[in-house]
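Note sheet for the following structure.
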Amino acid sequence: DGCIKAVGQADVIRNQFSEATFERIIDCSGKCVLPGLVDAHTHPVWAGDRVHEFAMKLAGASYMEIHQAGGGIHFTVEHTRKATEDELFSTFRHRLGRMLRAGSTLVECKSGYGLNLETELKMLRVIERAKRSMDIGISSTYCGAHAVPKGKTASEATDDIINNHLPKLKELKLSGEIHVNNIDVFCEKGVFDLESTRRILQAGKDIGLQINFHGDELHPMKSAELGAELGARAISHLEEVSDEGIAAMARAKCAAVLLPTTAYMLRLKQPQARKMLEEGVIVALGSDFNPNAYCFSMPMVMHLACVNMKMSMNEALAAATINAAYALGKSDTHGSLEVGKQGDLLIINSSRWEHLIYQFGGHEALINHVIVKGKVVYENERCETMSSY
């Protein structure tokens, strides 16, 4: 059934299954078996990359300066609106394949480059299609409040989402066409303020969506306090979170999804991972894969988390497995090697699992097998011919 049947010492397991026959045995001598990685925050469905903006950022332009000049999210929105569903699915599949080969077996995937009902639904249909046809696990997120569409105020955009977008999602869920798991809002100065964010998140919660949103990234907005109050499952970014917000998240068992790639790319101050961990917040990690932070690899994200956010390797591994699964409401089935959980695993070509973090960008010759639901979905020939050292 794709679930783990036993975990333990080799001789005990051999005795327990002495009568069983197996389709395949993988020799893991000198290797490590780890839970499949969980990427708790990505924006992988879009057309229109922003490679030209990278140079602007390097020259000192801020995220909001690029955004206000018609770049950023708006540039990608324009291209995503024009792209067909098949075009979007084709690039999305390719990106998911790269994530899988880098060890991610469960990925959160957001819409949010439509900003109108028609394109948001097109993106969500693309995500649904991948859910049904690909091996990788997907938690889908409606992120229609990713930016204020051109020609609308934030309050008009909020009304449109509550009165038109969410009722349509509810209807499609009931008919079985699209199953969305989470609702997301970019709560930020110049985007959606605290009150608009509250209204959208509450309306999403009312139709059965988990709250999992962008907060306190560029300015302190009291997003963490709001999320804790609304019973949010997770809040992402949190570079500018307040001390009160951290305490509120710890009390509410609301996960912090930290994104070291974003702070690195935009040269922002690093999220306070240490303070959050010390105060008992459940810390998860995500790649934030999007046209602004083009990274598919959770091993690289873990490395950045250790170096820049001062997490230990054990903390980073937990944040990229069990805690990231918790942030998606999936920790009862994913994120650790336990009996009854889904058989999502990595086999790495090293006797020490820390190599997955230590070798910055080295996962391509290190991840030997990726297994989803007990089935080998990626086998890396390179590992057989190369020593990981």
Worksheet, complete the sentence: The lone condition Gly335 fails out of (1) in the same structural domain as Ser104 (by the TED database); (2) part of a loop (DSSP other than H, G, I, E, B) is (1)
Worksheet entry | Single match in Glu225, Glu239 (criterion: modelled with pLDDT of 95 or more and part of a loop (DSSP other than H, G, I, E, B)) | Glu239
Worksheet item: Has segment 355-373 got any residue that is within 26 Å of Gly8 (Cβ to Cβ) and open to solvent by 20 Å² or more (accessible area, probe 1.4 Å)?
Response: yes
Worksheet item: Does Gly286 satisfy the condition of being outside the structural domain of Thr42 (by the TED database), closer than 29 Å to Gly2 by Cα and at pLDDT 95 or above?
Response: no
Discussion item. For segment 1-58, give me the residue count where each residue is open to solvent by less than 90 Å² (accessible area, probe 1.4 Å), part of a loop (DSSP other than H, G, I, E, B) and within 30 Å of Phe92 (Cα to Cα).
Written reply: 13
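Being assigned to a helix (DSSP H, G or I), open to solvent by 20 Å² or more (accessible area, probe 1.4 Å), out of contact with any helix residue (DSSP H, G or I) (no Cβ under 6 Å at 6 or more places or on another chain) and not assigned by the TED database to the domain that holds Ala316: is that true of His94 here?
It is false that His94 is assigned to a helix (DSSP H, G or I), open to solvent by 20 Å² or more (accessible area, probe 1.4 Å), out of contact with any helix residue (DSSP H, G or I) (no Cβ under 6 Å at 6 or more places or on another chain) and not assigned by the TED database to the domain that holds Ala316.
Could you check, for segment 353-375, whether at least one of its residues is acidic (Asp, Glu), in a loop (DSSP other than H, G, I, E, B), more than 19 Å from the chain's Cα centre (by Cα) and closer than 25 Å to Gly30 by Cα?
Initially, segment 353-375 is screened for residues acidic (Asp, Glu), giving 354, 364.
Filter once more, so that each one left must be in a loop (DSSP other than H, G, I, E, B): 354.
Subsequent filtering for residues that are more than 19 Å from the chain's Cα centre (by Cα) retains 354.
Those still in the list that are closer than 25 Å to Gly30 by Cα too: 354.
Yes, segment 353-375 contains at least one residue that is acidic (Asp, Glu), in a loop (DSSP other than H, G, I, E, B), more than 19 Å from the chain's Cα centre (by Cα) and closer than 25 Å to Gly30 by Cα.
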Worksheet, complete the sentence: Checked segment 164-180 for anything open to solvent by 50 Å² or more (accessible area, probe 1.4 Å) and under 19 Å from the mean Cα position of the chain (by Cα); matches are His179
Practice prompt. State which residue is surrounded by the most Cβ atoms within 10 Å (Cβ to Cβ) when the search covers only segment 305-353 and only residues that are touching a residue at least 24 places away in the same chain (Cβ under 8 Å) and of a type in the set (Asp, Glu).
Written response: Asp344
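What number of residues in segment 262-292 are farther than 19 Å from His363 by Cα, of a type in the set (Gly, Ala, Ser) and open to solvent by less than 10 Å² (accessible area, probe 1.4 Å)? It would help to see each step written out before you state the result.
As a first pass, look at segment 262-292 and keep what is farther than 19 Å from His363 by Cα: 262-284, 290-292.
Narrowing further to those that are of a type in the set (Gly, Ala, Ser): 263, 273, 280, 284.
Keeping just the survivors that are open to solvent by less than 10 Å² (accessible area, probe 1.4 Å) gives 263, 273, 284.
The qualifying residues number 3.
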Worksheet item: Any idea which of (1) over 30 Å from Val339 (Cβ atoms); (2) in a helix (DSSP H, G or I); (3) open to solvent by 10 Å² or more (accessible area, probe 1.4 Å); (4) not basic (Lys, Arg) is the one Leu88 doesn't satisfy?
Response: (3)
Item to complete: Would you be able to tell me the number of residues in segment 39-61 that are touching a residue at least 60 places away in the same chain (Cβ under 8 Å) and out of contact with any His (no Cβ under 6 Å at 6 or more places or on another chain)?
Response: 12
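Using the structure shown, decide if Asp184 is of a type in the set (D, E, K, R), farther than 20 Å from Glu65 by Cα and either in contact with a helix residue (DSSP H, G or I) (Cβ under 8 Å, 6 or more places away or on another chain) or without any contact (Cβ under 8 Å) to a residue 60 or more places away in the chain (or both). Walk me through it before giving the result.
On the way: of a type in the set (D, E, K, R): yes; farther than 20 Å from Glu65 by Cα: yes; either in contact with a helix residue (DSSP H, G or I) (Cβ under 8 Å, 6 or more places away or on another chain) or without any contact (Cβ under 8 Å) to a residue 60 or more places away in the chain (or both): no.
Judged against the criteria, Asp184 is not a match.
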Fill in: Condition check for Arg125: open to solvent by 10 Å² or more (accessible area, probe 1.4 Å), of a type in the set (Lys, Arg) and closer than 30 Å to Asn323 by Cα
yes
Practice prompt. Taking the residues in segment 140-163 that are closer than 11 Å to Ala203 by Cβ and more than 19 Å from the chain's Cα centre (by Cα) as candidates, determine which candidate is surrounded by the most Cβ atoms within 10 Å (Cβ to Cβ).
Written response: Ile161
Worksheet, complete the sentence: Scanning segment 129-139 for residues that are in contact with a strand residue (DSSP E or B) (Cβ under 7 Å, 6 or more places away or on another chain) and part of a helix (DSSP H, G or I), the one surrounded by the most Cβ atoms within 10 Å (Cβ to Cβ) turns out to be Ala130
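Check Ala247, Ala255 and return the single one that is surrounded by fewer than 22 Cβ atoms within 10 Å (Cβ to Cβ), small (Gly, Ala, Ser) and assigned by the TED database to the domain that holds Leu304.
Working: Ala255 fails: surrounded by fewer than 22 Cβ atoms within 10 Å (Cβ to Cβ).
Going through Ala247, Ala255 in turn, the sole match is Ala247.
Search segment 1-56 for residues being among the aromatic types (Phe, Trp, Tyr) and farther than 25 Å from Ala83 by Cα, and hand back the single one that is modelled with the lowest pLDDT. First the steps, then the outcome.
Within segment 1-56, the subset among the aromatic types (Phe, Trp, Tyr) is 17, 22, 46, 54.
From what's left, farther than 25 Å from Ala83 by Cα: 17, 22.
Numbers: Phe17: 95, Phe22: 92.
So, considering only residues that are among the aromatic types (Phe, Trp, Tyr) and farther than 25 Å from Ala83 by Cα, the one modelled with the lowest pLDDT is Phe22.
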Worksheet entry | segment 19-31 residues that are at positive phi, paired with ones that are polar (S, T, N, Q) and in a loop (DSSP other than H, G, I, E, B) (beta carbon under 7 Å, 6 or more apart) | Gly30/Ser351
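The values are calculated or read from the model by the stated rules, or taken from the named source; none is laboratory data. Because the structure is predicted, anything quoted here is derived from the model rather than measured. Glycine also receives a Cβ, built like all others from the backbone with ideal geometry; neighbour counts cover every protein chain displayed. For accessibility, only protein heavy atoms count, side chains too; no ligands or nucleic acids. Shrake-Rupley method; radii C 1.70, N 1.55, O 1.52, S 1.80 Å.
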